[in-house]
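Please read the structure below before turning to the comments.
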Amino acid sequence: MRIPPIRFPAGLALALALPLAPLAAAAETAAPPATITITGEASTEAVPDLATLSIGVTTVGETAAAALDGNSAAMQAVIDRLKAAGIEDRDLQTTGLSVNPNWDNSKSSSYNGEISGYTASNILTVRIRALGGLGQILDAAVADGANTLNGLSFGLADPRPAMDEARKAAVLDARGKAELIAAAAGVSLGRVMSISEGGGYGAPIPMYKAETAMAAVPVQQGEVSYSASVTIVYEIAP
């Protein structure tokens with residue numbers, strides 16, 4: 001048996017066809033906007049107000065206990081001198097402590113050799129906020145038994161303002177680059193689509209510009225530089 005075709009009223013067929021037109025138009029306008037992606041970089045310099053010093057005491061003894069006892073006495077003298085110079089407890093931190101045997105392979109034919117004593121090492125990290133007395137502190141610490149200097153670095157006690165200035169300058173740098181590229185391409189910048197901040201700006205970079213000669217141990221504190229990086233995506237104006 002032949003099934004007759006289904007016929008819809010003319011008005012209903014027109015109503016079903018009309019919604020297809022907006023869908024087709026939406027498909028044509030769904031293409032993502034043209035954009036320019038640019039990275040801006042900047043840095044800001046400041047005179048440091050904080051020094052971080054890593055000093056230590058290394059001693060040798062016939063036994064592990066003797067090496068550690070001698071080391072502890074020398075380190076305590078260093079700590080007492082630092083505190084007398086105005087260093088607070090919060091700015092003193094033990095960051096390394098070890099006792100190791102000293103092997104002498106010349107006295108034995110065995111593979112491991114013989115123990116000829118022990119070496120004790122104690123490392124102290126010191127934050128110095130009054131940089132005017134840094135030279136005297138270094139001199140006093142060495143005089144009281146510190147015989148290891150692992151490093152000295154400068155920074156800011158509160159680096160946030162310097163880093164914020166670098167961030168703002170990085171945004172302006174990105175804007176200037178984007179405007180230059182847009183003008184060269186014969187287009188105009190539109191709205192900002194996204195902004196992301198790059199990493200690697202936390203550590204201060206020494207800038208040996210200003211010099212400060214302190215009494216006792218001569219020290220140049222210079223300047224420190226904090227860097228920032230931002231990536232901005234601009235829409236190209238239609």
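The values are calculated or read from the model by the stated rules, or taken from the named source; none is laboratory data. Please read all numbers here as calculations on a predicted model, not as lab measurements. Every residue, glycine as well, gets a Cβ built from its backbone with ideal geometry; the counts of neighbours run over all protein chains shown.
Scan Leu138, Leu124 and give me the residue that is within 29 Å of the chain's Cα centre (by Cα), closer than 18 Å to Ile55 by Cβ, part of a strand (DSSP E or B) and of a type outside the set (Asp, Glu). Even if it seems obvious, please write down each step before you answer.
On the way: Leu138 fails: part of a strand (DSSP E or B).
Only one candidate passes the filter, namely Leu124.
What about Glu62, is it of a type in the set (D, E, K, R) and either out of contact with any Gly (no Cβ under 8 Å at 6 or more places or on another chain) or modelled with pLDDT of 95 or more (or both)?
So Glu62 does not fit the description; no.
Give the residue that is nearest to Leu131 (Cα to Cα), with candidates limited to residues of the stretch 74-86 that are small (Gly, Ala, Ser) and in contact (Cβ under 8 Å) with a residue 60 or more places away in the chain.
Of the residues in the stretch 74-86, the ones small (Gly, Ala, Ser) are 74, 77, 84-86.
Those left that are additionally in contact (Cβ under 8 Å) with a residue 60 or more places away in the chain: 74, 77.
Values: Ala74: 24, Ala77: 22 Å.
Of everything passing the filter in the stretch 74-86, Ala77 is nearest to Leu131 (Cα to Cα).
Using beta carbons and a limit of 8 Å, which pairs, at least six apart or on different chains, have the first residue in the stretch 126-155 and surrounded by 15 or more Cβ atoms within 10 Å (Cβ to Cβ) and of a type in the set (A, V, I, L, M, F, W, C) and the second one in a loop (DSSP other than H, G, I, E, B) and modelled with pLDDT of 85 or more?
Short answer, once both residue conditions are applied: Val126/Ile87; Ile128/Ile87; Leu131/Pro48; Leu131/Asp49; Ile137/Ala85; Ile137/Ile87; Ala140/Ala85; Phe154/Pro48.
Counting only residues that are hydrophobic (A, V, I, L, M, F, W, C), surrounded by 15 or more Cβ atoms within 10 Å (Cβ to Cβ) and within 30 Å of Glu114 (Cβ to Cβ), how many does the stretch 32-81 have?
Total meeting the criteria: 7.
Looking at Gly176, is it at pLDDT below 95 and either under 30 Å from Gly135 (Cβ atoms) or part of a helix (DSSP H, G or I) (or both)?
Working: at pLDDT below 95: no; either under 30 Å from Gly135 (Cβ atoms) or part of a helix (DSSP H, G or I) (or both): yes.
The answer is no for Gly176.
Please verify whether Ala146 is closer than 30 Å to Ala166 by Cβ and hydrophobic (A, V, I, L, M, F, W, C), treating the condition exactly as stated. Outline the logic, then answer.
Working: closer than 30 Å to Ala166 by Cβ: no; hydrophobic (A, V, I, L, M, F, W, C): yes.
Answer is no for this residue.
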